[in-house]
1. For the stretch A:316-344, what are the residues that are part of a strand (DSSP E or B) and either under 16 Å from A:PHE263 (Cα atoms) or free of Cβ contacts under 8 Å to residues at least 24 places away in the same chain (or both)?
2. Can you name the residue in the stretch A:308-326 that is touching an Asp or Glu at 6+ places or on another chain (Cβ under 6 Å) and under 19 Å from A:ARG228 (Cβ atoms) and, of all such residues, is surrounded by the most Cβ atoms within 10 Å (Cβ to Cβ)?
3. Please give the strands (runs of 3 or more DSSP E) falling wholly within the stretch A:1-62 in which 3 or more residues are hydroxyl-bearing (Ser, Thr, Tyr).
4. Please note which helices (runs of 4 or more DSSP H) are completely contained in the stretch A:72-172 and include at least 2 residues that are surrounded by fewer than 17 Cβ atoms within 10 Å (Cβ to Cβ) and within 13 Å of chain B (Cβ to nearest Cβ).
5. Looking only at the stretch A:1-29, how many residues end up being open to solvent by 60 Å² or more (accessible area, probe 1.4 Å) and over 24 Å from A:PHE211 (Cα atoms)?
6. Considering the stretch B:73-96 alone, what residues qualify as being within 8 Å of chain A (Cβ to nearest Cβ), of a type in the set (Gly, Ala, Ser) and assigned to a helix (DSSP H, G or I)?
7. Taking the options A:ASN138, A:ASN221, name whichever one is touching a Ser or Thr at 6+ places or on another chain (Cβ under 8 Å) and under 22 Å from A:ASP76 (Cα atoms).
Amino acid sequence: MITYIGSENIISPLGDSARENFIKVKNNETGISLFSGIGVDKEDLYLSKIGTLSDNNKFDVLLAKCLDSIIKESSDNIINSKDTIVILSTTKADIQENLTAPIQSSVEKIKVAYKLHHTPLVISNACISGVLAMNTANNFIQSNIYKHAFVIGADVISDFVLFGFQSLYAISNEVCQPFDKERKGISLGEGAAGVLMSSESSVFKKEALEFVEGTSSNDANHISGPSRTGEGLYRTVQKTMELANIKSSEIDFISAHGTGTLFNDEMESIAFDRLNMNNIPLNSLKGYFGHTLGAAGLIETAISMQSIRTNTLVKSLGFEAEGTSGGINILTQNLEKEVSTILKTASGFGGCNASAIIRNI
Amino acid sequence: MSYINSYCHISNDTVKINGENSTSIDSDSIEEIIRELYLSLELKYSKFHKMDQLSKIAFIGTELIKQANPEISKSGENDIALLFSNSRSSADTDIKFQESYQNGGIPSPSLFVYTLPNILIGEIAIRNKWYGENMFTISSIFDSEYYANYCNILIKKNAEAALCGWINVDDDKIEAFFFFVTKKDLKQLNLPLDSNMLEKIYRQD
């Protein structure tokens, strides 16, 4: 049985649809800009922040907008089906508004507003949440537990998260430069993205792609420092390829995590080197969207799906000079080529790593 | 099909293994209770003392499950899935982290790293060198149907076993439930995994 994936949507400072976002990304425009006096010591910092929405209730607004857009791109009424699950991916949800229960009210609101048959499943597994949410949807569909899954990731910028990353010295004082020699850390971002996954290709209004397989693996090494051997990333990609029965020579493109911190990007390059994926074109999209945490996996997957649909790979914005030891093929300019099979990866605090393979049908 | 081989409840005053009292605790503060539980394990693990309350309870529960199931150590390092959930995410540490920077204070990096609930999965993985599947979910109540479904899915797909837990902690209360599921029936409890069975043993506390 095939798991189909499609109806992708992205809401970010670059636009309100996957197509709009992809066009901006293709033009190498970034959503990141300088905000004055927002740091813990009132310093100016770069963020990818959605200015067109009020900060008040932004998380719920993003979820609803994203879900509406996917519903519009799919068959009528499947959202209310008993065969449908909604899976939400977030790290901190609306932490600024509600410190002790940041997600419950959002879940309830969605359940009631969209008349859902099942309570949405919330995955909160650091920065791999988005990829893990798609993997989970695929597992449910392949096991006939559900036929359709609306998978949505969202996170918003808050003092809580910004000050936290500042306390770890993980925020760059410039626009983030994933994989570059001069990289100094992340730029925080916010946004939402989602996809519909289903066992039926007929529920998609536009042609769907195939979600082939996805897994996760822990580094078993450190809670906040990436593994020096890229252990968990190496293992999850290996597992995913094995289960998908796909060799690395069949992969046309890697949508990497690439946060822009020294240790994360180095870790990823080591893992891809161990996987002999040195020549596969690769990018990080954090230079366009910043690090959107629980939304990142879905935003980056949605852009990569657009790459498959248009046979266009976009350059890794912010990358100029090689700054990792693994020897990997980072895209320094957009590339028109046939893109059939892509690998999406993510890594996060807690030593977690996830990967997924999507291909054209 | 998969099987529940052991389970464990931890509350403020008791630890129960497979539904039977194993330890009684007599203390009022959550910190003290956790310290007593750690001491009763009779092991030395220096990283324990750096953990937040949520991770400490996850660590203790995992060690208790290991004691009840020595077979765990024979599992392959990729073969154990870690599935955890709760209703409060990392609220206990989130409050402390927010306090650290409010009123002109300096945000604490050692608190911030624990403001993600899945960190407890990382702590268990590090302690045991387990590289398997990870998943942390948040739900308002213990969702036995999700657990039964997802354990069975992963065990059918690419895991031999799953260690699962539901852990909530705040200033006054610990509520934790752990269970260990395997593909092969280890003939310890003869409990096939399904949501009714899981609900029943969860409520035994």
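1. A:GLU322 - this is the single residue of the stretch A:316-344 that is part of a strand (DSSP E or B) and either under 16 Å from A:PHE263 (Cα atoms) or free of Cβ contacts under 8 Å to residues at least 24 places away in the same chain (or both).
2. Here the answer is A:THR324.
3. Once the strands (runs of 3 or more DSSP E) in the stretch A:1-62 are filtered for at least 3 residues that are hydroxyl-bearing (Ser, Thr, Tyr), what remains is A:3-11.
4. A:104-113
5. The total comes to 3.
6. Correct list: B:ALA91 only.
7. Unique residue meeting the criteria: A:ASN138.
Per-residue answers, yes or no, for (1) touching a helix residue (DSSP H, G or I) at 6+ places or on another chain (Cβ under 7 Å); (2) assigned to a helix (DSSP H, G or I):
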| site | (1), (2) |
| --- | --- |
| B:ASN5 | no, no |
| B:LYS16 | no, no |
| B:SER22 | no, no |
| B:ILE34 | yes, yes |
| B:SER55 | yes, yes |
| B:PHE59 | yes, yes |
| B:ILE65 | no, yes |
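The values are calculated or read from the model by the stated rules, or taken from the named source; none is laboratory data. From a predicted model like this one, the values you see are computed outputs, not experimental measurements. Neighbour counts are summed over all protein chains in view; Cβ atoms, including those assigned to glycine, are modelled from backbone coordinates with ideal geometry. Heads up: the accessible areas ignore ligands, DNA and RNA and are worked out on the full protein's heavy atoms, side chains in. Shrake-Rupley method; radii C 1.70, N 1.55, O 1.52, S 1.80 Å.
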